[in-house]
Every structure is written in structure tokens, then in C-alpha cells.
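The values are calculated or read from the model by the stated rules, or taken from the named source; none is laboratory data. This one's a predicted model, so the numbers in the text were calculated from it and none came from an experiment. Positions of Cβ are backbone-derived with ideal geometry, glycine not excepted, and every protein chain shown enters the neighbour counts.
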Amino acid sequence: MKSHWQILVVDDEEIMCESLAAWLREDGYGVDTASSGREALEKSRLKDFAIYFVDLKMPGGMDGIETMMQIRRLRPEASIIIITAYATVDTAITAMKEGAQEYIVKPCNPEEISLLVNRIIKVKNLQRENTILRKKLTRQYSVHDVISKNPRMREIMNLATDVASLRSTVLIQGESGTGKELVARALHNSGDRADKPFVAVSCAALAETLLESELFGHEKGAFTGAVAQRIGRFEEANQGTIFLDEIADMSSHLQAKLLRVTQDGRFTRVGSNKELQTNARILAATNRILEDQVKAGHFREDLFYRLNVFELNIPPLRERPEDILPLANAFIVEFSQGRARFSPSVAAGLERYSWPGNVRELRNAMERAALLGRGELILPEHLPARVRAAAESAPAREPGEAERLGEIERQAIIQALRKHDFNRTETAKALGISRRALLYKLQRFRELGYPVDPV
Amino acid sequence: MRYLYVGATEEVDRDALAAVSERVAMQFGLPVRGMELGSLGFAFDAGRAQYGSIPVLEMLLRRCPEDADKLLAVTERDLFIPVLTFVFGQAQLGGRVGVVSLARLRQEFYGLAANPEVFLKRAYKEALHEAGHLFGLVHCAERNCAMSLATTVRQIDLKDDAFCAPCAARLRRHPGGANV
């Protein structure tokens, strides 16, 4: 159905209005009519019309051009189609100059109107999609949106805000899964290159020769299989940002070529002698300590200093446990469209786990939990086994005697439940308590997030 | 008992009318009744030498019988609405009355040799299309579906004389809907 797009037909002749409206309604659009420019403006204030058909000749002070100009002021994103029976070149030119998207002469061919509306709607759908995607991107990756209460992370994000608009290279170091690429995107999106391309390349994913042609491009015939000229990522990222991930894995030959680019932006395509120039900003990342790689002779010292103008070291999640719950919450909200919440035992368990895979591991665990928990209450059994095991094996503190007693009771009840296939009456009988007492206890366990119902 | 009426203006080819009535009866599973509508002279526009489809729909609404669920008129006259050069037909969306013009469905209209088979196929498809509007269906993006918008006979020839599955399902859900 395409009916979410609304159309307004403006014509002083009622029969013209109604006939065009009826025709468009058959196409499934929501259509309204107005018999004057004034009425059209009134209706425009109340409803968001995407397309207007406006008759050029209308009596009573406001003709089609005037009406169109006022509509454009009110709804600048709407498309306006001028209709007229008096086709002259002059009026067509005036109408188009004032911002009409199209101009039709009545009576027109039915095919013309359908094609016209379809074409406009197609563009509008793309525009809407684009706006949504853009919003999503900037929302996800702006520096200010990085979730952290950790003082070291705040410091890093402050530095990131400061360097976002510079051209200087930045070296981002951190364990796998700490979100190095996200930080790079945030840097890009918060700077003045935000509307320019962001190109990410993983230097570990490709063999040396392939990486060279990936980064710098190649000429036709440069090597077997180079059937056509190809522009490289540095050219693609011109005016924008290039993000080189896993930079420590780069071969020494490419390190030399990269050094050249970091110095003056010059490089050559594979198989060509012609020097090209790029203005791309370079962000590099690695999960190793690059300085150690330099000392061991695996990484060029001069390139290291070139890349390391600013250094952002992202601490692993286990060094900032205060971020676990806020991050987990943000992910669960994202994956469950805001409906899911954690049971208390889950929240405690998440904080106890060491998260060797860092934020990525946490994010994946939350995606899984949102699915298994059907987007409602997240219970311990919705977590991956290793997270659950860590949570159970390493209690945060020694439990008091009352708590220990409660735990013994809980385990006894859960075991009995399982033994009796979750039949409450039989379980209560076996435990020697009333069914009512059992139900009451189960309700309390359920609230605390323990699995007391058959899965 | 509610009927689907198929009305005919005076000049309509009776064989074509019978074929269309039969096809519509089969498609919608409603009992079909015939109705004579006389001349469309009142809707003639001398300036355009065509017949206005809006006055025709108004006339049909006035004359729609009590026991009619829907009234679909068939005419040989070339129809138009003011903003368009012509229409193959027009119907109230989800309403009671609609009209189909056979004028532009004949090969002769385009200076070609008459072909009764092609003509009848087009007539079915357009009758189904307008009747579909009466049962609340809007234009379908599926090019083979009878509810896809055709503004040329070529487009009519390309579609099937049947509804696509989603349109047929919508039709079944329509209140007082058809037994398709």
C-alpha cells in the first residue's frame, strides 16, 4: 500500500477537483481537495501533504502561482504540480522558476499523471529512507553518544571531541571488541568531514598484494586479473576519512607506501607511475601495543610516529565494570524495541563476568537474550552459558546465613519442581508444604528472576 | 437477495455484454441481473465529442435498483473526466456504481483490423478491474493482476483476467464481499 502519502488537489472547479481526486484515490493514495488557495493553505496547516496539484487559474485574489509560493513556504519539502488549461510558455517558465516540480496541461493523458505521481513517490520514498538511515547513523556514532561513566573513557571522549575536526592522524588502540571502529566513526561523524565518505579497510583481511591494490587502486593490466582500472580506498575517501584497522598486520613494503601518504598525501596506483594526491584523513587502529611492535622491529618507527599524533587507548570492559550495565541496558533496549528488562540476578551476573570479548561480546549476548527472552523479562537462562557460569561460580561477596538458607530452599524447590515436571500439586506434596505456600514462593522466585517455569 | 447488476446502454454489442456478464458472475459468485440504461446523450460534451463519466456515475446512482449490491454499466461511448483525455472506465472506490467503456478496447479504434477475441478479453479485464474498485480494491503494483493500472490497451493485454493472490484475499475480506 502506498496510501501513507497524502495528496491535495487545488482547483476552483469542483468537477475537476473531484475527478482528479477520484482517479488518484483508485491508485491508493489519501487525497483531499480544496477549492481555493486559501482553503489549500488552511488544510496544509492541518495535514502533511506530500504532493499538490494546483490549478493555475483560480479566481479570488490567489492564483495558482501565488498559492504555490505560499505552500512552498509552509511545506518546503512537498512537490507541486501545476495544472492548467491555458498552456503558454511564459506561465510554464514562471511556475517552474517558483519551484513547481512539474507542469501539466489539461486534459492530459492518464498515463502522464500516473507516471508523474509514481516518479515523485519513488523519489520521496528514497528521501525518507535516506533521512531515516542518516539519523540512525549519526545517532549511533556521534562522540556524545558513547555510553560511559568511566573517568578514563570520559577523558578519551573529551580528547576525541577536540581532535574530531582536525586533519591529524589518530591511533586508536584497544583490545578486540572494545569498539575501535565505532570510535573512528564517531570521530568522523563529529568532525567537519561528517558528510564526506568514511571508508574502513581491515589490513589483516587481505593478502599483501591485494591490500595494496585495495588501498591505492590499480591500472588495467597491472597484474593477472586486473581487467579494468580500479580506484583505491584512498581515492574513495578523498575529502573524507579512511580507517585502517589492524594496522600492525601491514607488511613493511606497504608501511613504506603508507608513510608516503601520511607525509604529503601522495601515492601511485599499482602498475602506474603517475602520482595521485589524496586529502583523506587517516585513522588507524590496532589491538596490539604498537610500540612493542616497533621495538621488536615489526613496525616502522617513522610510520608509528606519523600515525601516533594523537593516541586513544580504549580500556577493556573489565577495567570499567561501571559501564557494563548501562551498555547492556542500551543494547537490550535496542534489540527489544524498549520492552525488555533484566531480572536482578541477571544484572548481578553481567557485572561479575570478565567479558574477554569486550563490548562486542556484551552486545551479542544481549541480542541473544532479547531473542530468547522474547523481548520481555531477561532471566539467567537467557544468557550464554559462560556468562551464567561466571555469575554462579564467583559470588560478589560471602552470603549471610539467612541468604544461604534461602538459597538452599530455592534449590530444593527448583529441583523438586523439575523432578515432578513442574506439576505444582505434586511438588508441594513431595516437599511437605501446602500448594498455596509453594505458589507464593514460586512467585517470589520468579520476581527475582529464577527459572521456575517450564521453558 | 442482493444482486450484481450489469447495465447496458442502448448501443452496446449484446454478445460482448453477455460475455462480460457471464465472466463477472463467475468471478464474483454473486447472482447477476441485466438492466437497460438507454442513451448517454445527457452526458455528451460537444467541445470534446466525448461523454463525461461523472454525470454517468450520477445517473447510475439515481437509477440503482433497491436490490442491487453493485451496478456496473457497460457502454460503447468514449468516456472522459475533465482532467484526463479519456478513461477506460470509472468506479466509486468501495461504492455502488461503476462504468466501463468499450470504445477504446476495439482494435478498430487504433486503425487495425477487428479482432473479436482480443476485444472480448480486454472487455473482461476492464469489467473485472472496475468491479474490483467497487469492492474496495485499489490499483495493484503486480503488473499481471487485473487491478494493475492500465492506461493503454497494450497494458490491458499484458495483464491477466484474474486478481493476484493478495487482491483476491482482500476481496474475500471485503464486507458483503465476493465468493472468489
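Looking only at residues that are buried (at least 19 other Cβ atoms within 10 Å of the Cβ) and of a type outside the set (F, W, Y) in the range B:1-16, which one is modelled with the lowest pLDDT?
Looking at residues that are buried (at least 19 other Cβ atoms within 10 Å of the Cβ) and of a type outside the set (F, W, Y), I get B:A16.
At pLDDT below 95 and either more than 14 Å from chain A (Cβ to nearest Cβ) or touching an Asp or Glu at 6+ places or on another chain (Cβ under 7 Å) (or both): does that describe B:F109?
Yes: the conditions hold for B:F109.
Yes or no, residue by residue, for (1) touching a Lys or Arg at 6+ places or on another chain (Cβ under 9 Å); (2) among the hydroxyl-bearing types (S, T, Y); (3) in a helix (DSSP H, G or I); (4) within 12 Å of chain A (Cβ to nearest Cβ):
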site: B:G98; (1), (2), (3), (4): yes, no, no, yes
site: B:E126; (1), (2), (3), (4): no, no, yes, no
site: B:L137; (1), (2), (3), (4): yes, no, no, yes
site: B:A141; (1), (2), (3), (4): yes, no, no, yes
site: B:A146; (1), (2), (3), (4): yes, no, no, no
site: B:A150; (1), (2), (3), (4): yes, no, no, yes
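Wholly within the range A:8-116, which strands (runs of 3 or more DSSP E) include no fewer than the required count, namely at least 1 residues that are touching a residue at least 60 places away in the same chain (Cβ under 8 Å) and crowded, with 22+ Cβ neighbours inside 10 Å?
In the range A:8-116, the matching strands (runs of 3 or more DSSP E) lie at A:51-55, A:79-84.
Name the single residue that is surrounded by the fewest Cβ atoms within 10 Å (Cβ to Cβ) among those in the range B:19-37 being touching a strand residue (DSSP E or B) at 6+ places or on another chain (Cβ under 9 Å) and part of a helix (DSSP H, G or I).
Ranking the qualifying residues of the range B:19-37, first place goes to B:E22.
Looking only at the range A:162-185, which residues are part of a helix (DSSP H, G or I) and surrounded by 16 or more Cβ atoms within 10 Å (Cβ to Cβ)?
A:V163, A:K180, A:E181, A:L182, A:V183, A:A184, A:R185
Each row is one residue, and each column tells you yes or no for (1) surrounded by fewer than 24 Cβ atoms within 10 Å (Cβ to Cβ); (2) touching a residue at least 12 places away in the same chain (Cβ under 8 Å); (3) among the hydrophobic types (A, V, I, L, M, F, W, C).
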| position | (1), (2), (3) |
| --- | --- |
| B:G98 | no, yes, no |
| B:A103 | yes, yes, yes |
| B:Q107 | yes, yes, no |
| B:Y110 | yes, yes, no |
| B:A113 | yes, no, yes |
| B:F119 | yes, yes, yes |
| B:A127 | no, yes, yes |
| B:E130 | no, yes, no |
| B:G136 | yes, yes, no |
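Taking strands (runs of 3 or more DSSP E) that fall entirely within the range A:211-285, which contain at least 3 residues that are surrounded by 19 or more Cβ atoms within 10 Å (Cβ to Cβ)?
By residue number, A:241-245.
Look at the range A:210-235 and say how many of its residues are under 26 Å from the mean Cα position of the chain (by Cα), of a type in the set (D, E, K, R) and under 29 Å from A:E175 (Cβ atoms).
Residues that pass the stated criteria total 2.
In the range A:174-209, what residues are farther than 24 Å from A:Q239 by Cα, over 21 Å from the mean Cα position of the chain (by Cα) and not charged (D, E, K, R)?
A:G174, A:A204, A:A205, A:L206, A:A207, A:T209 - these are the residues of the range A:174-209 that are farther than 24 Å from A:Q239 by Cα, over 21 Å from the mean Cα position of the chain (by Cα) and not charged (D, E, K, R).
Only one of B:L40, B:L72 is more than 14 Å from every other protein chain (Cβ to nearest Cβ), buried (at least 19 other Cβ atoms within 10 Å of the Cβ) and touching a residue at least 60 places away in the same chain (Cβ under 8 Å). Can you tell me which?
B:L72
Could you tell me whether the range A:349-362 includes any residue that is assigned to a helix (DSSP H, G or I), touching a residue at least 12 places away in the same chain (Cβ under 8 Å) and out of contact with any helix residue (DSSP H, G or I) (no Cβ under 7 Å at 6 or more places or on another chain)?
yes
Can you say whether A:I121 is within 23 Å of B:I81 (Cβ to Cβ), out of contact with any strand residue (DSSP E or B) (no Cβ under 6 Å at 6 or more places or on another chain), more than 10 Å from every other protein chain (Cβ to nearest Cβ) and not hydroxyl-bearing (S, T, Y), as far as the supplied structure shows?
Yes: the conditions hold for A:I121.
For the range A:1-38, which residues satisfy the criterion of being more than 13 Å from every other protein chain (Cβ to nearest Cβ), charged (D, E, K, R) and over 41 Å from the mean Cα position of the chain (by Cα)?
If the condition is that a residue be more than 13 Å from every other protein chain (Cβ to nearest Cβ), charged (D, E, K, R) and over 41 Å from the mean Cα position of the chain (by Cα), then A:R38 is the only one that fits.
Go through the range A:77-101 residue by residue and tally those that are away from every other protein chain (no Cβ under 14 Å) and either under 27 Å from the mean Cα position of the chain (by Cα) or at pLDDT 85 or above (or both).
6
Quick test for you: out of B:L57, B:L61, pick the one residue that is within 14 Å of another protein chain (Cβ to nearest Cβ), touching a Lys or Arg at 6+ places or on another chain (Cβ under 9 Å) and part of a helix (DSSP H, G or I).
B:L61
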